[in-house]
Every structure is written in C-alpha cells, then in structure tokens.
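Peer 1: Encoded as structure tokens, here's the structure I'll be asking about.
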Amino acid sequence: MSATPPGEKGAPVINSAAVIDSAPVIANRKGFYFEVTAGRRYLWCSCGRSKSQPFCDGSHAGTGFLPVAFKAERNEEVIFCGCKHTRTAPFCDGTHSNLPDGYRDDDPDSLENRDVALVEAGGGPMVRLDGACYLFATGRAPLTARGTLRHCAVVTPSQGALFQSQFYAEAAPGSSPVISADGRHTVLFVSEGRGEIVIGARAFAVGPRTGIYIRPSEAYRIDNTGESPLKLFISNGPGSEALEWLDAMPPNFEAEFPERISSVDPSQRQQMAERYYQMLIAREHGSTVVTQFIGNIPLSKAEPHRHLYEEALIFLNGAGVVWTERTKTIVRGGDVLFLPRKLLHSVQCTTPGGFDVVGVIYPGDNPSINY
C-alpha cells in the first residue's frame, strides 16, 4: 500500500482557495521549500492552523477554510505558501513580504555576521564567494573588440551557470556587427547612451534603463546614434560561452510578439516592504523563461534568503556588501552578482537613498518569491 499523501485526511477539498469570513493564521513568514513527486496529490493548508505545515491536518474544521488540492505533474521543487495570503494558492507569490513582520532586515554587526569572512577584490574582475557564486566588476574587465563593439563575458556555463549567460558591451558610435540569438531567448539592458536596437527589419529606439527582448530565431544589431559609448548588458538563456556573430542581418522578426522594449515607469512599481521592483521583460513580451526586472534596495541589509531561480544581479549605482553564508565582499555600481539557485545570500546597501539594481532570473517570473 502506498504512503498517505501529505495532508490527506479525508476532509472536503476544493481546487482553489475558499471564500472565507476571517483571515488565515500566518503559519510561516516565508514559503516552504518542498520536492513534490509526479502523480502524487497534496493538500495545502489554507487556514494556517495545521501542525503539519504546509499541509492540512484537519485543523480547519469550523473555520470556513478548506484545504487546496494539488496534484504534481512532474518531479520538481516548489515553494508552498507559508503566510496563507498568496494569490496563487498553493504556491508562494511573495505576498509575505508586505505582511506585518513579513520582511525583516538583518543586523550586519551581529555576532554571527562578524564571523563572515571578507573577500577582497584582486586585480582581476572576479571575486569568488560561496559555491558557484561570484561578483564580477565590469570596470576591471578587459574588453574584446569586434567592429564598433567592445565586450566581455560576465556569466557563462563554464563559470557555473546552469541556465543563463551574460555579456557586458560598449558600443561606439555607428553600427555594431550583427549578433544572432542563436536559438536562445535574449534580453538586453541599456545602462547608458542612446540609439537603436535593430531586430531583423525593425528598429527600436532605446535610452538609459531600457530593456529589450529578442526571440530565439532572430538576430540584432546595436546602432549608437550618439557621441558617447552605448553601454549594455546582453543576457541569454540557455546560456552560451560566447556571442554568435553573423555576416549580415537576417530579415526575420516574429511579428506575433510586437512589444519588445520596456522602460522605467514608477506607476508599475511593486512593493516589497521598503523595497520595490518593476518588471521590464516578461511573458507579455514573449519571454517564457527569462525575466528581467529593475528595483531599488534601501539603506539596509536584507535577511538571508534563497531563491529557486538562477539570477544575475546588476548594480547600477551606489555601494554595499554582498553576503553569502561564509563570505562577503564589497559591491559597487557596474558590478554583477551571479547567484546560483538555492544559495543563501543577502544584499546590504550602505548608500543613503539606496541603490538601483537590474536582475535577470531564469527559470522564473517573480523576483519576490523566496524562502
């Protein structure tokens, strides 16, 4: 006989959260990491009263709440909601950050944090931290020239990335060589300068803090129409070791995905306690696996946490400290932090007014989900 699935108590079940007349109990400030098994049925506790979190134990009786049934289609890692206020039951959607006591700062001067070793930057661009995590300083990196474009690899599979790669580039005035998406979802972020990104026969005007999406079947070119270098980050997934160059621009542009650029819009900000972020490139642009966002980190140190996605975090300005479980290092504007999946980490801003960051996550579409 097979084992009883978690939460299976014979209680009435619905497939989405029930309409209720009282608030659920916050069982946990963050989500619950769990490895589900294909074909297995789970009953998620929606009332918050279960002693078998995140699963139902029947404690909802008489509360007006019912458990939420979930049957796993495949073996995978998930984060079940622990605060019970999610809008995507039974999974975490980041709502816990905006609940009372949901998002806590961490004391960088605590006894535990004083034992974390400081890793000083050397002469090269990379500072290694725990596991495959590292900080990359674009300002210390040698750049390779190809036509009007000077570039370097920042994140690659050979450096430990499983899902994405990233390149930093500076385009001089004029037109760059043509770059193929090479079957990969490609996301650009312009940090400085103005010009056009040409995809097939379509041209998109870009300026500072603009996100751009290129479909896997397409190619693109960077036209710098100004006098100063146009600086940008090129991310793609699945990852590659190098950019793929073409002799000429192919004509194809997938017209069923016409919206390709996004810029900063304060009305689109989403709060995470004192922090906020705005989605730049996401599903509405046609990107189903790679997500790009821009956000602000205030003068503070975040509580250590983990994500299920892999992330490349670009620091646009300011200064601070990046913390992992056993190491830390100084971060400045122009640096990129590579975070492997499930790595315990924290980012501290030491600049009054906070600093701005751009994140590229893969696979994932919600940067506020953590555990």
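Peer 1: Tell me which of these Ile197 doesn't satisfy, since it passes every other one: (1) part of a loop (DSSP other than H, G, I, E, B); (2) open to solvent by less than 30 Å² (accessible area, probe 1.4 Å); (3) among the β-branched types (Val, Ile, Thr).
Peer 2: Ile197 satisfies all of (1) part of a loop (DSSP other than H, G, I, E, B); (2) open to solvent by less than 30 Å² (accessible area, probe 1.4 Å); (3) among the β-branched types (Val, Ile, Thr) except (1).
Peer 1: For the range 219-230, give me each residue that is more than 11 Å from Ile197 (Cα to Cα) and either in contact with a Cys (Cβ under 6 Å, 6 or more places away or on another chain) or open to solvent by 50 Å² or more (accessible area, probe 1.4 Å) (or both).
Peer 2: Scanning the range 219-230 gives Glu227, Ser228, Pro229.
Peer 1: Give Glu274, Glu310 a once-over and let me know the one that is in contact (Cβ under 8 Å) with a residue 40 or more places away in the chain and in contact with a Leu (Cβ under 7 Å, 6 or more places away or on another chain).
Peer 2: Just one listed residue meets the conditions, Glu310.
Peer 1: Cβ-Cβ distance below 9 Å, separation of 6 or more or different chains: which pairs start in the range 243-269 with a residue that is more than 12 Å from Tyr220 (Cβ to Cβ) and end on one that is of a type in the set (Asp, Glu) and open to solvent by less than 70 Å² (accessible area, probe 1.4 Å)?
Peer 2: Glu254/Glu218
Peer 1: Still on this structure: Filter the range 194-225 down to the residues that are free of Cβ contacts under 8 Å to residues at least 40 places away in the same chain and in contact with a Phe, Trp or Tyr (Cβ under 7 Å, 6 or more places away or on another chain) and list them by number.
Peer 2: Matches in the range 194-225: Glu196, Glu218.
Peer 1: Related question: Give me the residue from the range 61-77 that is under 32 Å from the mean Cα position of the chain (by Cα) and open to solvent by 10 Å² or more (accessible area, probe 1.4 Å) and, out of that set, farthest from Gly39 (Cα to Cα).
Peer 2: Glu77
Peer 1: When only residues in the range 140-185 that are within 18 Å of the chain's Cα centre (by Cα) and in a loop (DSSP other than H, G, I, E, B) count, which is nearest to Gly200 (Cα to Cα)?
Peer 2: Top of the filtered list is Arg184.
Peer 1: Would you mind stating whether Phe355 is closer than 26 Å to Glu192 by Cβ, modelled with pLDDT under 95 and not aliphatic (A, V, I, L, M)?
Peer 2: Judged against the criteria, Phe355 is a match.
Peer 1: Additional query: In the range 90-134, what count of residues is obtained for those that are open to solvent by 60 Å² or more (accessible area, probe 1.4 Å), in a loop (DSSP other than H, G, I, E, B) and among the acidic types (Asp, Glu)?
Peer 2: Here the count works out to 5.
Peer 1: Quick test for you: out of Ser158, Ser191, Ser165, Ser176, pick the one residue that is in contact (Cβ under 8 Å) with a residue 24 or more places away in the chain and farther than 23 Å from Glu310 by Cα.
Peer 2: Ser176
Peer 1: Hey, another quick one. So Asp57 clears everything in (1) assigned to a loop (DSSP other than H, G, I, E, B); (2) within 22 Å of Tyr309 (Cβ to Cβ); (3) among the acidic types (Asp, Glu) except one condition, right? Which one?
Peer 2: (2)
Peer 1: How about the range 251-367: which strands (runs of 3 or more DSSP E) wholly inside it have at least 2 residues that are within 14 Å of the chain's Cα centre (by Cα) and of a type in the set (S, T, N, Q)?
Peer 2: Values: elements: 261-263, 270-272, 275-281, 291-297, 310-315, 319-324, 327-332, 335-339, 345-349, 355-362.
Counting at least 2 such residues, we get 291-297.
The values are calculated or read from the model by the stated rules, or taken from the named source; none is laboratory data. A quick note: this is a predicted structure, and the numbers were derived from the prediction, not measured. Cβ sites come from the backbone with ideal geometry, for glycine too, and all protein chains shown count toward neighbours. Heads up: the accessible areas ignore ligands, DNA and RNA and are worked out on the full protein's heavy atoms, side chains in. Shrake-Rupley method; radii C 1.70, N 1.55, O 1.52, S 1.80 Å.
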